[in-house]
Amino acid sequence: RVLTNKCRLSYEHLLKPYANKPGQEEKYSVTLLIPKEDTVTKADIDQSIQAAMQKGVQEAWGGVMPPSLNIPIHDGDGVRQSGEPYGDECKGHWVMTASSLQKPEVVDLDIKPIIQPGEVYSGMYARVTVNFFPYNSNGNRGVGCGLDNVQKIADGEPLSGRKSAAEDFGAAPQQQYASAQQPYPPQQSQPYSQPQIDPFTGQPM
């Protein structure tokens, strides 16, 4: 079981469970962005993963260490399993997703529960307790990361994935569209002139 230092939260689903795909079991989950300079937290995580692997040999993997295991922590400066790079917010961080079927306690600095949805969001900073466990499911073997509790310690720029209005429309000068607010000038009436008649055909020229 690990208590992280200050980390940033992404893909937050802490107050309401969520399923990635229809039909999947809903879970509470969050992705932790752990700064690479936080070597203490990273060392604790590595040690706990190793302990979970040893437990897996004894209890989940038939006494043998599998040659290839899925582990829950990834390099934010690398690429995902799909080959796509991680988002810019992941650069310089270790990336790890924790989840739980049980609702975690989410508290503030005074250990008071946070219940307002607007106070908990992707982009805020927190300390998080997590646990590690071995699994063997449908041929997949690895170490999972369970979510325990979350303590919010600071606000941060939201990671909503949406652009702001300023980003969409820019800071266009008002005079650029000033003409659209002005009434159109009245059209000048043209003096009426008698059409000329062709003397040979009798038709207007």
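The values are calculated or read from the model by the stated rules, or taken from the named source; none is laboratory data. Treat the numbers as computed from the prediction; the structure is a model and nothing was measured. Here Cβ is always computed from backbone atoms with ideal geometry, including for glycine, and neighbour counts include all displayed protein chains. These accessible areas exclude ligands, DNA and RNA; they are computed on the full protein's heavy atoms, side chains included. Shrake-Rupley method; radii C 1.70, N 1.55, O 1.52, S 1.80 Å.
Only one entry of Glu89, Glu37 meets the criterion of being part of a helix (DSSP H, G or I) and under 27 Å from Glu157 (Cα atoms), and that entry is Glu89. If you filter the range 16-50 down to residues that are touching a Pro at 6+ places or on another chain (Cβ under 6 Å) and in contact (Cβ under 8 Å) with a residue 60 or more places away in the chain, you find that the one that is least open to solvent (accessible area, probe 1.4 Å) is Tyr28. Residues that are of a type in the set (S, T, N, Q) and either surrounded by 10 or more Cβ atoms within 10 Å (Cβ to Cβ) or touching a residue at least 12 places away in the same chain (Cβ under 8 Å) (or both) within the range 73-87 are absent altogether.
On the stretch given as the range 61-86, residues that are assigned to a strand (DSSP E or B), modelled with pLDDT of 95 or more and farther than 19 Å from Asn140 by Cβ total 1. Entry remark, the range 141-157: residues being over 12 Å from Val30 (Cα atoms) and open to solvent by less than 80 Å² (accessible area, probe 1.4 Å) number 8 in total. The residue of the range 102-124 that is farthest from Tyr18 (Cα to Cα), among those that are open to solvent by 100 Å² or more (accessible area, probe 1.4 Å) and touching a residue at least 60 places away in the same chain (Cβ under 8 Å), is Ile115.
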